[in-house]
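The structure appears below as structure tokens.
All of the numbers you see were taken from the coordinates with simple rules; none came from a lab. As the structure is a prediction and not an experimental result, all values here were calculated from the model. A quick note on method: Cβ atoms are made from the backbone with ideal geometry, for glycine too, and the neighbour counts reach across all protein chains shown.
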Amino acid sequence: MKPFWLPDTTGFSYREGKLFCEDASLEGIAERFGTPTYVYSRKALEKAYREYDDAFSGHPHEILYSVKACSNLAVIRVLANLGAGFDIVSGGELLRVEAAGGDLSKVTYSGVGKTDAEIRLALEKGIHCFNIESVSELDDIARIASELGKRAPVAVRVNPNVDAKTHPYISTGLKKNKFGVSYEETPALYRKAASLPSIEVIGIDCHIGSQITQLDPFGHAADKVLDVVEQLAADGIRLRHIDFGGGLGVCYKDEVPPEKAAFARVILDRLSSRGYGDLAVELEPGRSMVANAGVLLMRVIRCKAGEMKNFCIVDAAMNDMGRPMFYESWMGIVPACPRDGKGVTYDVVGPICESGDWLGRDRELNVLPGDLLAMTSAGAYGMTMSSNYNSRPRAAEVLVDGSSAFCVRRREEPSDLWRGESVPEELK
């Protein structure tokens, strides 16, 4: 049997020729819940959180899980039970955190497009902080907070114009990106915020991108943010926390992301050397918390020999996992029960009527129809980006805890696809 490499052995491993999530076989999970199915390891989720929490131990800090990476209620609850806070970018995500039993006083609301209704909801729920991304957003938050008779806690998201050396679609800290307030305009916005009676300035925020595998961009961004903090201190504006965002990369194939402890040293050393060791640190990790805690299970429908390529056609598709199509991302694809013998080089593709519907290119696999495959590192930006394109029901989600597997989102039924739609009487 050919050995297959896995990016993280915390939650997933081969045992006697079968792939397991913790102590539950993935073949058994697929037989019980069907495919496509996302499977998450509780053990891996908890390990990822504790690595961040331990890295900043001894310094006041909050780990705010970025809900957009994977928003299943059970995933949120696992992290809430450990003491996590949450970074959200919509009113829907706020309500998800509430439904999962998360602490709303540990929620930070980011994003450039907060509506009046969402701002009102967040104020009524008593969130920890708004990360403000424009002058007009500050005006809207101040107005709504005044109407409610509240003071809105805010931080300004600084755009430091630092290149995170990542994919352009997930870079957020450059001048050409839509996120944050320009470095040069930030002090003036803080002065305005501090003058408004319905606003309480409590922190500063910076997020430069995602899937960052080098520490230098974080250090450069921290230096620029601390320059702003010094300017604010000179203006008499004292902050309670610095939010350094998220973005730490994970290993999908051959990336070597920094250890959490090394990342923490970059941040804490700069705070100490600049005389701001009393400021609390907040982080917004998403991908690095959940990516390697999940896999996507799929079954082989058939294998097709083309004139130029061979195709392994599976029952998962771009609507289930969009990263390869959106970003040309490499995702690991391994057999749940590897076969002996030489493999064939395939493009792994789904049933959707699009040439962009591919999950992996040029993969050597020895498979037959009905075989189970697992896409690795699929816990982040998989289910949350899924859709019903081609009228395909969305996948099930399963959480594994030891030998127990729990369905934490049932597979959609075909009738779910048109729930809420109707045909006017005039057309009947």
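Across region 110-285, the fraction of Cα-Cα pairs farther apart than 23 Å, rounded to a whole number, is 40%.
Between K342 and D278, the modelled labels are 7.1 nm apart [label points 7 Å from Cα along Cα→Cβ].
Multiplying the residue separation of D254 and S387 by 0.36 nm and removing their Cα-Cα distance gives an extension gain of 45.0 nm. Its relative contact order, with pairs defined as Cα atoms under 8 Å and 6+ residues apart, puts region 317-415 at 30 percent. GNM remark for the chain: springs join alpha carbons under 10 Å apart, and the peak mean-square fluctuation among G245, G219, G277 falls on G277.
Distances between placed amide hydrogens fall under 5 Å for A152 paired with I199, E200, all partners being 5 or more residues away or on another chain.
Please give the peptides 27-36, 256-265 ranked by average Cβ packing (other Cβ atoms within 10 Å per residue), highest first, as a rough proxy for protection.
Values: 27-36: 18.3, 256-265: 16.1.
The most tightly packed comes first, giving 27-36, 256-265.
Using 0.36 nm per residue and subtracting the Cα-Cα separation, the extra length available between L148 and S136 on full extension is 2.5 nm. Of the complete DSSP H runs in the chain, those spanning 15 angstrom or more by Cα along the long axis with a mean Kyte-Doolittle score not below -1.0 are 135-148, 216-234, 260-273. Restricting attention to region 110-285, close to 5% of DSSP beta bridges with both partner residues there are antiparallel.
Pulled fully out, how much extra length does the chain show between F406 and R265, if you take 0.36 nm times their separation in residues and subtract their Cα-Cα distance? 47.0 nm is the gain from fully extending F406 to R265. The P(r) of the chain has a tail past 33 Å containing 38 percent of all C-alpha pairs.
Remark: region 286-291, residue by residue, has Karplus-estimated 3J(HN,Hα) of x, 3, 6, 8, 10, 4 Hz, where x stands for each Gly or Pro and the curve is 6.51 cos²θ - 1.76 cosθ + 1.60 at θ = phi - 60°. Ranked by the mean number of other Cβ atoms within 10 Å of their residues, highest first, the peptides 138-144, 360-366, 341-347 fall in the order 138-144, 360-366, 341-347. The residues F86, F406, when put in order of fewest to most other Cβ atoms within 10 Å, stand as F406, F86.
Backbone geometry of region 408-424 corresponds, through the Karplus equation with coefficients 6.51, -1.76 and 1.60 at θ = phi - 60°, to 3J(HN,Hα) couplings of 9, 7, 6, 5, 5, 8, x, 5, 5, 5, 10, 4, x, 8, 8, 10, x Hz, x marking Gly and Pro.
Packing order of peptides 57-63, 232-238, highest average first: 57-63, 232-238 (average count of other Cβ atoms within 10 Å over each peptide's residues).
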